[in-house]
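Taking it in order: structure first as structure tokens, then the write-up.
The values are calculated or read from the model by the stated rules, or taken from the named source; none is laboratory data. In this text, all values refer to a predicted model and were calculated from it rather than measured experimentally. Cβ atoms come from the backbone with ideal geometry, glycine included; neighbour counts cover every protein chain shown. Ligands, DNA and RNA are excluded from the accessible area calculation, which covers all protein heavy atoms including side chains. Shrake-Rupley method; radii C 1.70, N 1.55, O 1.52, S 1.80 Å.
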Amino acid sequence: MLSCSCRPRGSTMKACVLQGRAKVETNPLQYRDVPVPEPGEGELVVRVDACAVCRTDLHVVEGELPPRKSPVIPGHQVVGTVHKLGKNAQRFAIGTRAGIAWLHKTDGTCQYCLAGRENLCDSPEFTGYTVNGGYAEYIVAPEGFVYAIPEEFPDEQAAPLLCAGINGFRSLRLSDIKPGGRLGFYGFGAAADVAIQVARHWQVEVYA
């Protein structure tokens, strides 16, 4: 879990920048000053309070996913507060707690988006992979893909929900499991850790 206690100096901020893919043991992320992002139309800037680390971040850093943007700031499980609004951004007020996940935005026009299955979009953008992510003091995102985060969730508990939580809960829904049912997990990582807690809350018998 990464957290930011410092704040930008004028027009720059601190960020962990991936200049070139390499094994994580070689410390390929560079901690340096970069410009503070400006929001476009329908976008907002979130001041990052915490960003969880996902296995996908390691895939990006080590080049196991083909490079799509270089340099890039990784990180896609972001929790923070809304800092600045772009033109026509009205969904969140400044100071509102917010979260940003892996799916940065979709094209909104392909067959999957039109069918309400935007997770299968033909032309998606991804936080921390095709656009800059949350290993920074500030991050910009389209307001339609930003999540409201309840105040009662501490940052370190809310951040993993933005990837592992989303994936785990979607899998639970697709399983069509009912209270009193029996559920098997194959493999055990962050998504399963969150999904098991939900399944137990639903009074489901769990096997891993």
Considering only the range 82-198, give the helices (runs of 4 or more DSSP H) lying wholly within it that have at least 3 residues that are outside the structural domain of Leu65 (by the TED database), touching a His at 6+ places or on another chain (Cβ under 6 Å) and within 24 Å of Leu18 (Cβ to Cβ). none
Qualifying residues in the range 34-64 (those that are of a type in the set (A, V, I, L, M, F, W, C), open to solvent by less than 50 Å² (accessible area, probe 1.4 Å) and part of a loop (DSSP other than H, G, I, E, B)) - the one modelled with the highest pLDDT: Val36
I'm trying to understand the selection: among the residues of the range 73-122, which are among the polar types (S, T, N, Q) and more than 19 Å from Lys14 (Cα to Cα)? Asn88, Gln90, Thr96, Thr106, Thr109, Gln111, Asn119
